[in-house]
Amino acid sequence: MKTAEIRRRYIDFFVRNGHTEVPSASLVYNDPTLLFVNAGMVPFKPYFTGAEDAPFKRAVSVQKCVRTLDIEEVGKTTRHGTFFQMNGNFAFGDYFKADAIAFAWQLVTGSVDDGNYGFDPDKVWVTVYLDDDEAESLWRGVGVPAAHIQRRGLKDNYWHMGVPGPGGPCSEIYIDRGPEFGAEGGPVVDEDRFLEIWNLVFQTEELRAVRAKDDFDVAGPLPAKNIDTGMGLERTAYLLQGVANMYEIDEIFPVITRAAELAGTSYGADAQADIRLRVVGDHVRSALMLMTDGVTPGNEARGYVLRRLLRRSIRSMRLLGVHDPVLPELLPLSKSLMEASYPEIGTQWQRVSQTAYGEEDAFRRTLEAGTRIFDLAASDAKQGSSGVLAGDKAFQLHDTYGFPIDLTLEMAGEAGLEVDQRQFRTLMQQQKDRAKADARAKKGGAVSTEAYRTLRSLGETPFLGFTELSVESAVRGIVSGGTLVDVARPGDVVEVVLNQTPFYAEAGGQDADHGVLSGTGLQLDVLDVQRPIQGLVVHKVLVNEGELTAGQQVLAQVDASARFAASQAHTSTHIVNAGLRQMLGEGTHQAGSYNKPGYLRFDFNANQALSPAMRSELESIVNAAIRDDFEVTARELPLDEAKALGAQAMFGEKYGNVVRMVELAGPWSRELCGGTHVRRTAQIGLVNLLGEQSVGSGIRRVEALVSADAFDRFASERALVATLSDTLKTQPDQLADRVEKLLAQLKAAEKTIETYRTRELLAAAATLAAKAVTVADGIRVVAEQVAGISGGDLRTMVLDIRSALGSEAAVVALVGGTDAKPVIAVATNEAARGHGAKAGALVGIGAAQLGGRGGGKDDFAQGGGSNGAAAAEAVRAVRAAVAAL
């Protein structure tokens with residue numbers, strides 16, 4: 001049975017049983033506690049916690065998921081994969097254990113002719129939580145013998161997401177694959193033979209402070225008992241298709257087969273090669289799905305995961321002997337296998353393929369440079385006694401050559417070495433503090449939502465700020481440290497929920513409003529505004545005067561000038577988006593944005609930089625739209641209707657059935673947007689494009705100043721032009737020509753200086769060559785100090801002296817640089833190497849005297865240290881080493 005057919009049967013079965021089919025959410029989901037969607041229930045989490053009202057009582061979906069904790073195990077086991085699909089049926093305060101178990105039994109064991117899967121009932125085993133007598137009784141009632149029901153504890157039969165959220169006991173369904181796969185005794189004995197395919201979670205509790213699978217705090221009961229089930233589509237597929245593991249199913253194995261063909265091998269011929277082929281099959285598909293959902297390769301968070309998947313697959317093919325580009329062969333094949341289930345792959349294909357192929361080209365260059373550095377470092381580590389690759393070498397590979405630490409760890413392991421990860425982490429921390437705890441806490445993703453849910457249960461917070469900036473309101477509740485409190489006093493910073501608000505909560509790339517809350521004897525500064533759960537607006541305030549209590553009447557006043565400036569920037573962002581699509585085509589999509597008073601930043605997909613002419617064109621398009629004074633309108637309409645009108649949406653954003661669409665001049669710009677805007681584009685005044693740059697593989701960023709800030713920059717640039725014109729005694733319109741002539745003169749002068757310097761070096765080389773002394777076996781040696789000469793000049797001098805010494809055996813060793821940073825270079829000719837004189841070994845001897853290290857080839861090597869005072873000792877040590885040959 002094909003994977004797509006298994007998927008279709010699951011959906012059809014539950015639709016027949018009263019469930020609403022819900023399309024898969026994007027892998028990039030708007031949940032601050034998750035990097036990617038990692039379970040089928042993630043899009044339904046707000047319904048399970050009661051943060052939002054579920055629009056249906058029953059739902060069924062096949063959700064795209066990615067898990068990367070076990071990425072190193074991919075290919076080594078039958079169970080580990082990064083991208084997978086989770087069939088799920090859900091009930092929100094509707095049916096519970098009895099129906100969930102009955103549905104599962106019917107679909108798993110019912111006849112294939114009736115639309116079911118047709119597993120042999122005698123091969124089905126189930127597990128239940130330790131004290132769940134009800135679940136065991138229900139399973140026995142549908143026909144599972146008592147001998148096939150086993151009880152397990154929290155680690156196995158209690159489910160949660162690993163972060164605060166819903167949880168509860170679960171019951172798992174296993175299929176016995178037969179004695180050839182392991183021992184008798186059910187899942188508690190062998191989970192390779194008895195393979196889990198379906199987990200039925202009976203949600204009853206909300207969890208907080210989740211520390212481990214079996215270590216968490218229970219915040220309290222959920223508002224209603226729910227059903228959350230997850231059937232692994234890939235696991236079910238490899239059982240129904242009669243193959244050995246998930247990599248051999250119809251959606252992955254053709255990629256493995258093609259990869260084997262490219263490598264000139266066959267799957268099954270070699271165990272180590274098979275692991276690498278499975279890595280390729282898994283990672284190519286996973287990368288395809290991530291890129292389709294808008295992820296681009298990068299060095300942070302989601303982008304880093306994608307980059308790692310792509311690079312592991314490319315390197316696995318190199319280890320199989322394939323050094324040519326492989327993604328143009330493998331990615332289109334994976335597309336053909338997955339597109340039937342996910343048509344969006346086709347619509348995003350041009351962007352996805354360009355991004356992937358560009359990343360492969362870049363990584364192939366990285367591998368060539370970085371592998372040479374790694375090999376040298378590994379060779380040094382092996383010569384030492386510790387068998388440890390230094391952390392500073394791993395950091396150099398990461399920081400200078402773009403080698404991810406996981407790749408260094410893999411290569412070190414293959415070379416029989418360990419890596420000093422503590423030193424690496426210390427250097428990384430010194431370079432950049434990557435802590436994001438503040439941002440996470442700001443979004444309310446890592447704290448209990450119990451107080452917010454309590455306030456949300458009293459109703460939504462109406463947002464009146466589209467039309468009103470000053471509103472009479474009442475304090476619905478005060479939150480401090482995640483807990484409801486009765487009062488806040490001067491100096492306190494607390495969160496306040498009002499019964500209505502004009503304050504815009506940060507969203508859609510737009511900064512939150514600022515302003516004040518005031519009342520009789522009361523003055524509060526509004527510092528930030530957020531929506532920690534759907535429908536609830538929370539104001540972070542500093543109490544300046546008076547005591548704030550729940551129920552108190554206040555006047556909520558938004559800073560009008562800051563709001564107007566933010567609206568100018570937000571509308572300008574829409575204009576930039578439309579301008580880029582006009583220039584680059586409809587395949588251009590927003591990849592992120594940020595706007596605040598006077599400034600905007602806009603990210604978009606592109607594999608090439610905008611030329612200066614294109615940047616000028618974009619600025620002209622934007623300011624023309626401003627001058628044309630387009631009307632800016634907003635309306636609410638069904639999501640499907642908005643999409644049919646061509647409204648642009650953001651990857652990963654969650655939209656309801658009814659959305660707000662903002663239009664500029666009707667169809668010229670249509671975007672789904674909940675932000676604030678000016679009424680007409682002429683109110684913006686001016687946009688000044690600051691520049692354009694890359695912020696990741698396949699992602700470009702433009703930045704601009706808006707309105708008065710843009711004018712101020714133009715004014716400062718005009719003043720600069722006037723100053724330069726006066727200094728250079730020329731007119732403003734002739735300034736560029738004047739600067740160009742000056743640069744040409746400077747370049748000519750530098751060339752002349754370089755000519756004289758080269759002559760000096762050649763003369764110095766001839767002088768040093770004349771100082772050559774003959775040592776053992778007739779080897780002529782020049783070993784001298786040349787203070788102040790380093791880099792390319794030192795290399796040139798060493799090679800020139802070697803040439804001057806002719807074909808007789810000769811060794812040249814020069815120590816240059818500075819006292820703080822001495823350098824050494826050594827060259828040997830062919831005759832000297834015949835006597836055993838090797839530059840790489842000699843430079844190591846000299847560099848050791850300098851307190852450093854060196855390396856290179858037999859004919860030329862270089863190194864350095866930190867003790868320039870030992871230069872004479874370094875010269876003597878090299879001369880002595882040659883004499884001892």
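A few notes on this one:
- Of the residues making up segment 795-818, those that are aliphatic (A, V, I, L, M), in contact (Cβ under 8 Å) with a residue 60 or more places away in the chain and either surrounded by fewer than 21 Cβ atoms within 10 Å (Cβ to Cβ) or over 13 Å from residue 862 (Cα atoms) (or both) number 2.
- Test for residue 624: is it without any contact (Cβ under 8 Å) to a residue 24 or more places away in the chain, touching a Phe, Trp or Tyr at 6+ places or on another chain (Cβ under 8 Å) and of a type outside the set (D, E, K, R): no
- Residues of segment 252-270 classified as outside any helix (DSSP H, G or I), among the aliphatic types (A, V, I, L, M) and surrounded by 17 or more Cβ atoms within 10 Å (Cβ to Cβ), total: 1
- Here the condition is being free of Cβ contacts under 8 Å to residues at least 12 places away in the same chain and either on the phi > 0 side of the Ramachandran plot or of a type in the set (A, V, I, L, M) (or both); of 689, 735, 705, 743, it holds for 743 alone.
- Residue list for segment 510-531, restricted to those being open to solvent by less than 30 Å² (accessible area, probe 1.4 Å) and within 24 Å of residue 449 (Cβ to Cβ): 510, 512, 513, 517, 524, 526, 528, 529, 530
- Filter pass, residue 527 being closer than 20 Å to residue 699 by Cβ and in contact (Cβ under 8 Å) with a residue 12 or more places away in the chain: no
- Residues in segment 864-885 that are within 21 Å of residue 830 (Cα to Cα) and either in contact (Cβ under 8 Å) with a residue 24 or more places away in the chain or surrounded by 15 or more Cβ atoms within 10 Å (Cβ to Cβ) (or both): 878, 879, 881, 882, 883, 884, 885.
- Every residue from segment 17-66 that is closer than 24 Å to residue 650 by Cβ, touching a strand residue (DSSP E or B) at 6+ places or on another chain (Cβ under 8 Å) and charged (D, E, K, R): 21, 45, 64
- Looking only at segment 673-711, and only at residues there that are of a type in the set (Asp, Glu) and touching a Lys or Arg at 6+ places or on another chain (Cβ under 8 Å), the one that is least open to solvent (accessible area, probe 1.4 Å): 692
- Within segment 819-837, being closer than 16 Å to residue 849 by Cβ and β-branched (Val, Ile, Thr) holds for 823, 824, 826.
- Hey, residue 301 open to solvent by 40 Å² or more (accessible area, probe 1.4 Å) and free of Cβ contacts under 8 Å to residues at least 24 places away in the same chain or not: no
- Subset of segment 819-841 [under 25 Å from residue 377 (Cα atoms), open to solvent by 10 Å² or more (accessible area, probe 1.4 Å) and within 46 Å of the chain's Cα centre (by Cα)]: 820, 821, 823, 838, 840, 841
- Residue check, residue 714 open to solvent by less than 50 Å² (accessible area, probe 1.4 Å) and within 25 Å of residue 562 (Cβ to Cβ): no
- Residues located in segment 277-297, provided they are among the small types (Gly, Ala, Ser) and open to solvent by 10 Å² or more (accessible area, probe 1.4 Å): 294
- Against the numbered list (1) open to solvent by less than 50 Å² (accessible area, probe 1.4 Å); (2) in contact (Cβ under 8 Å) with a residue 12 or more places away in the chain; (3) at negative phi, residue 346 comes up short only at (2).
- For segment 552-605, a tally of residues being open to solvent by 50 Å² or more (accessible area, probe 1.4 Å), in contact (Cβ under 8 Å) with a residue 24 or more places away in the chain and outside any helix (DSSP H, G or I) returns 7.
- Top-ranked residue of segment 207-251 - restricted to ones that are among the basic types (Lys, Arg) and within 19 Å of residue 167 (Cβ to Cβ), ranked as surrounded by the fewest Cβ atoms within 10 Å (Cβ to Cβ): 211
- Within segment 781-794, if we keep just the residues that are of a type in the set (Gly, Ala, Ser) and without any contact (Cβ under 8 Å) to a residue 60 or more places away in the chain, the residue that is farthest from residue 816 (Cα to Cα) turns out to be 792.
- Single residue of segment 271-302 satisfying the filter (in contact with a helix residue (DSSP H, G or I) (Cβ under 7 Å, 6 or more places away or on another chain) and part of a loop (DSSP other than H, G, I, E, B)) that is nearest to residue 341 (Cα to Cα): 295
- Unique match (being closer than 24 Å to residue 353 by Cα, of a type in the set (D, E, K, R) and at pLDDT 90 or above) among 628, 603: 603
- Filter result (open to solvent by less than 60 Å² (accessible area, probe 1.4 Å) and closer than 16 Å to residue 376 by Cβ) within segment 843-858: 843, 844, 847, 852, 854, 855, 856
- Some residue of segment 303-321 being more than 22 Å from the chain's Cα centre (by Cα) and outside any helix (DSSP H, G or I): yes
- First in segment 19-35 and under 18 Å from residue 55 (Cβ atoms) and assigned to a loop (DSSP other than H, G, I, E, B), second anywhere and of a type in the set (Gly, Ala, Ser) and open to solvent by less than 30 Å² (accessible area, probe 1.4 Å), Cβ under 8 Å, 6 or more apart: 19/59; 22/59; 22/61; 23/61; 24/61; 29/652; 30/652
- The condition (being among the aliphatic types (A, V, I, L, M), closer than 18 Å to residue 526 by Cα and free of Cβ contacts under 8 Å to residues at least 40 places away in the same chain) is satisfied by just one residue among 484, 458, 464: 464.
- Filtering segment 635-651 for residues that are among the aliphatic types (A, V, I, L, M), open to solvent by less than 20 Å² (accessible area, probe 1.4 Å) and in contact with a Pro (Cβ under 9 Å, 6 or more places away or on another chain) leaves an empty set.
- Whichever residue in segment 550-608 is in contact with a helix residue (DSSP H, G or I) (Cβ under 9 Å, 6 or more places away or on another chain) and of a type in the set (Ser, Thr, Tyr) and, among such residues, is nearest to residue 646 (Cα to Cα): 588
- Within segment 776-790, tally of residues that are open to solvent by less than 50 Å² (accessible area, probe 1.4 Å) and either of a type in the set (Ser, Thr, Tyr) or over 14 Å from residue 813 (Cα atoms) (or both): 2
The values are calculated or read from the model by the stated rules, or taken from the named source; none is laboratory data. Treat the numbers as computed from the prediction; the structure is a model and nothing was measured. Cβ: placed from backbone, ideal geometry, glycine included. Neighbour counts: every protein chain shown. The area values use the complete protein model at the heavy-atom level, side chains included, leaving out ligands, DNA and RNA. Shrake-Rupley method; radii C 1.70, N 1.55, O 1.52, S 1.80 Å.
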